[in-house]
Each structure stands twice: as C-alpha cells, then as structure tokens.
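The values are calculated or read from the model by the stated rules, or taken from the named source; none is laboratory data. The structure displayed is predicted, hence computed values, not measured ones. Positions of Cβ are backbone-derived with ideal geometry, glycine not excepted, and every protein chain shown enters the neighbour counts.
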Amino acid sequence: MKDSERLEKGQVYFRSIIEVVGRPKEHVEETIKGYVDKIDKEENLDIVKSEIAEVKEQEEEKTKEKFWHSFVELELWSKNLPSLIDFCFDYMPSSIEIIEPKELHLKEREFSGFLNDLQGNLHRMNMIVKELRTDNLNLRRNSHNLLWNFLAVLTFKEGKTIEQLSKITGFAPDNLQNFLDRLVKEEKLVKEGDKYLLKNGPKTE
C-alpha cells in the first residue's frame, strides 16, 4: 500500500525508541528482540524500519551497581491514532515522533473515542500499579519477617556486632543499621555495647 493511501485511511507514521535496562546481558538481548517480534505480529502496527543498538554495560552513579542497556529505534505505521496510543501503553517507549500526517484532524466522535480509549488505558495502568504496589508490600513484609527470624536465631545465645551480622546475612552494615535500630526501638533486640542480643535471650556477661 502506498503512503498516500495509508494517510487517506487515517494511518499514522511515527518513529519510536524503546529502551531495556537490566541484567544479565542475555536477558536484555532477548527482551529487546522479543519486543520487536511482538510488535511485528501486531495487527494494527506495521514496522518499516527497526535497528537494535548494541548492548552496553553501564553503572548507576549512586549505588555503583552495574547493569546492561539497549534500545531499538523503530519506524512504523499504526492503523489509526488509538492504535498509536495503545502502542504507547503496551510498550512504554522512551520517545515518540509523529512523521506523517503533519496535522491530525479528529471529528468530535473520534476525539471522544480517543479520550475513552485513553481513559481505559490509564485505568488499566492504574490497576497494574496498585497490584504491583501490593505485591511489593507483601514481598517487603515477608522479607522483613524472614530477616527478623534470622536475626533472632543469630542473637539468641550471644550478642553479635553489626559487622558480624552483616557478614552472616549478606546485608551491608548501612542497610542493616536501620532495621536493627527499629528492632531495638520495638524492644525485640537489646543493644549492649556494640553488640545486639535477642530481648528474651540469655544476657552476655
């Protein structure tokens, strides 16, 4: 189909960049390729060009953690404007540039439909965020309970310094400190000198 025919039918030609950050390197490579394969199978999207960037290692400034990063630059047609909006919500691109048409004209009914589709997608995204937030809270609560049980066992017979607890649990002292302070405040642990001891455990001499 010619570009002019596509435009007459209300299709939109746009450029987009989708980024993937994570680790290991193989996961990032598979994910970025998976996005392209999935988009290529979309009924309302037609890829014209796709270029995947080389996966590169980066370092987060604050934590110094290393991760891998890649992106794919796409040029594609969407069946209509709502299909373009669906693309944005489904793939969360880092940038969108509409190439054609130069101007978008929407009738009142089309604009209302566009707003309803947008509202529906926002509602769906809001539900996903709430579910993730709940899952995250449950995961954090379970992790705290697990760490507390671990610390209770470690500090039952004799006190342990934060350095000793850090070495055994694998948590950095800075990350462990706030948790230990909270346990002391809740009177689950007592601090004797530089050592932490289970509140109801035997006292150190």
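A few notes on this one:
- For region 46-66, filtered to residues that are outside any loop (DSSP other than H, G, I, E, B) and of a type outside the set (D, E, K, R), the residue that is surrounded by the most Cβ atoms within 10 Å (Cβ to Cβ) is Ile52.
- Here region 30-61 is the region considered, the condition is being within 19 Å of the chain's Cα centre (by Cα) and among the polar types (S, T, N, Q), and the residue that is farthest from Leu74 (Cα to Cα) is Gln58.
- Test: Ser16 is at pLDDT below 95, in a strand (DSSP E or B) and either within 20 Å of the chain's Cα centre (by Cα) or loosely packed, with under 15 Cβ neighbours inside 10 Å (or both): yes
- Residues satisfying the stated conditions in region 103-143, i.e. more than 17 Å from Phe87 (Cβ to Cβ) and not in a helix (DSSP H, G or I): Glu103, His105, Leu106, Lys107
- Lone qualifier among Leu106, Leu151 - being touching a Phe, Trp or Tyr at 6+ places or on another chain (Cβ under 8 Å), modelled with pLDDT of 75 or more and surrounded by 11 or more Cβ atoms within 10 Å (Cβ to Cβ): Leu151
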